[in-house]
Amino acid sequence: MLRRLTMLGVATILLLAMLLSGCGNSGGSETADSGTPGTAPAGDTKPTEPQVSKDPVTLKVWINATLSDAEFAQLWQEPVKKKYPNITLEMVRQDKDHTLPAMIAAQEVPDLLYTNTNTITQRILDPGLATDLVPYIKKFNFDMNRLDPTMAESIKSYGSKGEIYGIPFTLVNAALWYNKDIFDKFGVSYPKDGMTWEDTYQLATKVTRDADGTAYYGLQPFDQIWHLASQLSIPVTDKNDKAIISDKWADVFKYATKVFEIPGNKPKVYAGGINRFTGDQNTAMFTFWVGNMIAKFSEMESKGLSMNWDVAQLPSFPESKDKNMQTEFHQFFLTSTGKHKDQAFQVMQVLTSDEVQMLASRLGRVTVLKNPEIDKVYAADLPWVKGKNLQGIFKSKPAKLVSNNDRYSRWVLDELSNAFTQLYNGKIPDINTALRQAEETANKRIAEDQAQRK
């Protein structure tokens, strides 16, 4: 029960439907209570699938993450209907009338929530929206060992007593995207896998210039400063939930400042890099999310727009070699008010099957499973990515997760982003002042919240 109840891209290529069989890994017994949660029982006997009503049900899924209508139909509705003909999925997109507080107040909370890892504690766990999935993991013999270990660690970290609230669907990782035409125009070698951020800076100095009446920008390292720092796994709160901003943050700010001090490499607005990169096409290199960028290119293809792009492994700091950002992913939550929890969990099981994850990978979604064969077919069904260095995307693995107390750590990261933006705009005189202001403002917000929660 709720504890406080008062409260893009468009996919361009729809493929012939793949024959999906055995999408689930169902099995096990509802009374099973031994062994590791989510691991298959020993022996050769195939476990019996638990008894679940076959009556027709319509499950509503709230979507607050990048997912096109075409993907919803092809990756979710069709595989679920193939495995469970009695289950129909209905999408409820996040909008002004369908925020979580609005749906709680109207007592219209969907059966499943699909969102990213941001502020889960405040938005989902605090109001009691989520269901502990451990009993369902046991009942349906869901094998947690199939998940990428860093993702499994992340979803487990939200439960203080062993609870598991989310099941991931797609990994959110980043890469270095670049415009080949700009490098060709200036006779500069393309970026390559394995570069450091310093290597990337040096390359940016060679392609930042004015030519033929156009200002070309060499590099924008993300639209948020904390994304650049993520692969360093820097803690931002201590055990008492106080903001702590270490000297490592000064190093990150210094690097970003150095990049934008390259003569001609400072746009008027810090954010909006994707528009300059894919729209104006005057930015040589841009670090951004893989799924979002593929979705953007898909949208461009559907409109007959072209760009001579390629991709390389995300650059790294010396102490973060071959590390991507800390684990970020889009995931499902089973709501505590749902009337068809067994069927809703069956949906999650179908969508994390090898078959569906393979299909999603072929269409440009990065899998959450530790199955290298799925990575090998990434974007294989998107003909316009032929010849691109897509395997460079997978050479960096998620960095160590430092904290999932996102009630406060996310506030600290927000204040760091605000401080860097003000520094960028000349409203804060120097890096030390920016970091001090971020820490003081974050601690003030945290203290006010803690006082209200007493």
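The values are calculated or read from the model by the stated rules, or taken from the named source; none is laboratory data. As the structure is a computational prediction, the values presented were derived from the model and not from experiment. Here the Cβ is made from the backbone with ideal geometry for all residues, glycine too, and neighbour counts use every protein chain on show.
Taking first residues from the stretch 208-228 that are in the same structural domain as Ser409 (by TED's automatic domain parsing) and buried (at least 22 other Cβ atoms within 10 Å of the Cβ) and partners that are among the aromatic types (Phe, Trp, Tyr) and assigned to a loop (DSSP other than H, G, I, E, B), the Cβ contacts under 9 Å between residues at least 6 apart in sequence or on separate chains come to Gln220/Tyr270; Ile225/Tyr270; Leu228/Phe222.
The number of residues in the stretch 182-207 being within 17 Å of Val311 (Cα to Cα) and either surrounded by 18 or more Cβ atoms within 10 Å (Cβ to Cβ) or within 29 Å of the chain's Cα centre (by Cα) (or both) comes to 16. Please determine whether any residue of the stretch 108-117 is modelled with pLDDT of 90 or more, part of a strand (DSSP E or B), surrounded by 14 or more Cβ atoms within 10 Å (Cβ to Cβ) and not aliphatic (A, V, I, L, M). Yes, there is a match, as at least one residue in the stretch 108-117 is modelled with pLDDT of 90 or more, part of a strand (DSSP E or B), surrounded by 14 or more Cβ atoms within 10 Å (Cβ to Cβ) and not aliphatic (A, V, I, L, M). Looking across the stretch 261-298, the residues that are part of a helix (DSSP H, G or I) and either more than 15 Å from Ala379 (Cα to Cα) or aliphatic (A, V, I, L, M) (or both) come down to Gly273, Ile274, Asn275, Arg276, Phe277, Thr278, Gly279, Asp280, Val290, Met293, Ile294, Ala295. Counting only helices (runs of 4 or more DSSP H) that fall entirely inside the stretch 120-224 and contain at least 1 residues that are touching an Asp or Glu at 6+ places or on another chain (Cβ under 8 Å), the qualifying elements are 134-139, 180-185. Of the residues making up the stretch 140-154, those that are surrounded by 18 or more Cβ atoms within 10 Å (Cβ to Cβ) and within 14 Å of Pro398 (Cα to Cα) number 6. Of the numbered criteria (1) out of contact with any strand residue (DSSP E or B) (no Cβ under 9 Å at 6 or more places or on another chain); (2) buried (at least 19 other Cβ atoms within 10 Å of the Cβ); (3) not charged (D, E, K, R), the one Ala130 fails is (1). Taking (1) outside the structural domain of Ile120 (by TED's automatic domain parsing); (2) buried (at least 24 other Cβ atoms within 10 Å of the Cβ) in turn, Pro372 satisfies each apart from (2).
If you go through the stretch 296-316 one residue at a time, how many are basic (Lys, Arg) and either under 14 Å from Arg276 (Cα atoms) or touching a His at 6+ places or on another chain (Cβ under 7 Å) (or both)? Selection size over the stretch 296-316: 1.
Selection within the stretch 359-400: residues that are part of a strand (DSSP E or B), under 20 Å from Ser320 (Cβ atoms) and not β-branched (Val, Ile, Thr). The member of this set that is nearest to the chain's Cα centre (by Cα) is Pro398. Step by step: first the residues of the stretch 303-347, then only those that are hydroxyl-bearing (Ser, Thr, Tyr) and under 30 Å from Lys192 (Cβ atoms), then the one that is surrounded by the fewest Cβ atoms within 10 Å (Cβ to Cβ). Which residue is that? So, considering only residues that are hydroxyl-bearing (Ser, Thr, Tyr) and under 30 Å from Lys192 (Cβ atoms), the one surrounded by the fewest Cβ atoms within 10 Å (Cβ to Cβ) is Ser306. The sole residue among Ile137, Ile167 that is at pLDDT 95 or above, under 21 Å from Pro398 (Cα atoms) and either out of contact with any Phe, Trp or Tyr (no Cβ under 9 Å at 6 or more places or on another chain) or outside the structural domain of Ser409 (by TED's automatic domain parsing) (or both) is Ile167. Here Met307 meets the list (1) more than 29 Å from Asp143 (Cβ to Cβ); (2) in a helix (DSSP H, G or I); (3) of a type in the set (A, V, I, L, M) almost entirely, failing just condition (2).
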